[in-house]
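See below for the structure under consideration.
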Amino acid sequence: MQKIDWEKKYLVAVSGGPDSIFLLSSLISDKNFKHDNFIVCHVNYNYREDSRIDQKIVEEICESNKIKLEIRILNEDYSNLGDNFENFARVKRYDFFLEISKKYKNFNTVLIAHNFNDLIETFLIQKQRKNIVDFWGLKETTFYKELIVFRPILDLKKSEIMKFLEVNKIDYAIDSTNFDEKFLRNKIRKEINEKDFGQILKQIISENEELTKNNDIAQNYLKNHSSDFHIYIKDIGKLSEKTQQIVIAKFLLKSEIGRNLAKSKKAIFKEIVKICQSKKPYVIMKKNDVVVLKDFEKVIISDLKTLSPATYSVKNNKAILEKWGPEASERIKNLDLNPDCYITNDYWQIKSKLYYKGKKLTKYYSEKKVGYFERMKNLYILDKYKTIILYIV
């Protein structure tokens, strides 16, 4: 355990399986081990009928070595998760680690027993799924929200771990779901051989070097061409197709609505790149209550509620407040309008029918060079017959 700072405090994620039991056993057997500096965290998902065995193994090793143990027991209906169980379990697990790190002082790092085989498998999964990634394989240190995630045995092969457990006669649990090939990782695990790892590692190193270059280009582009909710796309075509996708991925990850959109579909980055490349000045895409809008030389993301059309009487202050908020409500009050007037944001319905300052609304906006997002976001005060635009607010 050369990579451990023995003066620090650590959470240790222990499932009861061979890798995490190896990690915990290696820590305990080290001459520098102090039991007060470690807290073991175990999650029992009750996904398997025999999951209590895993928990019992973890409880026994912690009790015999006087190590504090925190357990989270879940009782969930997994019937609708299908092959999404892994993602579900990961979020539950890391949220639990984060919760425990906040419960105890200075325990802001969790040790995870990912090994060299996990690194290789992760790379092959990323490739098969054609993911946009920040890194190929696994990093030794990453972050989950405010939690530091450290993988101290990432350079050890599974065969080395199993040999250690066998020689030292250390008990561990067997997770039967590790043989279920409905999970992609298990299928890949069955197909690979440790003797091929050296060649695959060379590929990972090479691809990470290329990825670092593309990430730097993408980051520089975003720095000069974007805010949280829009990106200027005039020069994006000068970048490679792959780098364009990285730009879009990083752009979406800057905001909560962007992150929600990024989770919606694997091909979402490619789809937005196609929008950027379109010759049309206006293109709109709606996904998961998020709007992606090409607006001349910008691509803008917005929540669907902001741009969804609505029309109300100006007397209906409750509806106006709910739809557009107190600022819009106050501005309308300050106009001292006839109570028979209406307010709408339905630009597409009125753009060619109604006039503003003696010009059709479309012509007025074209002459002023007003973008489509602003046109759709603006509020229009109409007369009682809905034939004239009195104000744009």
**Q.** Positions within segment 366-380 being farther than 13 Å from residue 348 by Cα and aliphatic (A, V, I, L, M), in sequence order
**A.** 370
(Q) Can you confirm whether residue 269 is assigned to a helix (DSSP H, G or I), modelled with pLDDT under 95 and either crowded, with 18+ Cβ neighbours inside 10 Å or in contact with a helix residue (DSSP H, G or I) (Cβ under 8 Å, 6 or more places away or on another chain) (or both)? (A) yes
(Q) So, in segment 370-387, exactly how many residues are out of contact with any strand residue (DSSP E or B) (no Cβ under 7 Å at 6 or more places or on another chain) and either in the same structural domain as residue 232 (by TED's automatic domain parsing) or under 25 Å from residue 327 (Cα atoms) (or both)? (A) 6
Q.
Just to confirm my filter: which strands (runs of 3 or more DSSP E) fall fully inside segment 1-99 and include at least 2 residues that are within 22 Å of residue 140 (Cβ to Cβ)?
A. 10-13, 38-44
Q: Taking only segment 149-180 into account, find how many residues are part of a helix (DSSP H, G or I), at pLDDT 95 or above, closer than 23 Å to residue 192 by Cβ and not hydroxyl-bearing (Ser, Thr, Tyr).
A: 8
Q: Could you look through segment 126-145, keep only residues that are among the aromatic types (Phe, Trp, Tyr) and assigned to a loop (DSSP other than H, G, I, E, B), and pick out the one that is surrounded by the fewest Cβ atoms within 10 Å (Cβ to Cβ)?
A: 135
Q. Which residue, of 96, 107, 116, is within 21 Å of the chain's Cα centre (by Cα) and not basic (Lys, Arg)?
A. 96
Q: Identify the residue in segment 269-290 that is in contact with a strand residue (DSSP E or B) (Cβ under 7 Å, 6 or more places away or on another chain) and of a type in the set (A, V, I, L, M) and, among all such residues, is nearest to residue 257 (Cα to Cα).
A: 290
Q. Name the residues in segment 226-247 that are free of Cβ contacts under 8 Å to residues at least 40 places away in the same chain, in a helix (DSSP H, G or I) and not acidic (Asp, Glu), would you?
A. 238, 242, 243, 244, 247
Q. How many of the residues making up segment 77-99 are among the small types (Gly, Ala, Ser) and surrounded by 14 or more Cβ atoms within 10 Å (Cβ to Cβ)?
A. 1
Q: Output the number of the condition that residue 161 fails; it satisfies all remaining conditions of (1) over 25 Å from residue 7 (Cα atoms); (2) surrounded by 17 or more Cβ atoms within 10 Å (Cβ to Cβ); (3) of a type outside the set (Gly, Ala, Ser); (4) under 20 Å from the mean Cα position of the chain (by Cα).
A: (4)
Q: Would you list the strands (runs of 3 or more DSSP E) that sit entirely within segment 294-369 and hold 1 or more residues that are closer than 30 Å to residue 247 by Cα?
A: 298-303
Q. Hey, residue 211 hits all of (1) surrounded by 15 or more Cβ atoms within 10 Å (Cβ to Cβ); (2) in a helix (DSSP H, G or I); (3) touching a helix residue (DSSP H, G or I) at 6+ places or on another chain (Cβ under 7 Å) but one; which does it fall short on?
A. (3)
Q | Condition broken by residue 289, with the remaining ones in (1) at pLDDT 95 or above; (2) of a type in the set (Asp, Glu); (3) within 23 Å of the chain's Cα centre (by Cα) satisfied | A | (1)
Q: Identify the single condition in (1) in contact with a strand residue (DSSP E or B) (Cβ under 8 Å, 6 or more places away or on another chain); (2) outside the structural domain of residue 127 (by TED's automatic domain parsing) that residue 147 does not satisfy, given that it satisfies every other one.
A: (2)
Q.
Yes or no: segment 308-323 includes at least one residue that is hydrophobic (A, V, I, L, M, F, W, C) and within 32 Å of the chain's Cα centre (by Cα).
A. yes
Q) Can you name the condition, by its number, that residue 365 falls short on among (1) touching a residue at least 60 places away in the same chain (Cβ under 8 Å); (2) within 30 Å of residue 248 (Cα to Cα); (3) in the same structural domain as residue 382 (by TED's automatic domain parsing)? A) (1)
Q) Of the residues in segment 20-34, how many are surrounded by fewer than 23 Cβ atoms within 10 Å (Cβ to Cβ), closer than 21 Å to residue 165 by Cα and of a type outside the set (S, T, N, Q)? A) 4
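The values are calculated or read from the model by the stated rules, or taken from the named source; none is laboratory data. Quantities reported herein were computed from a predicted structural model and do not represent experimental measurements. Counting neighbours? That spans all protein chains shown, and the Cβs are built from the backbone with ideal geometry, glycine included.
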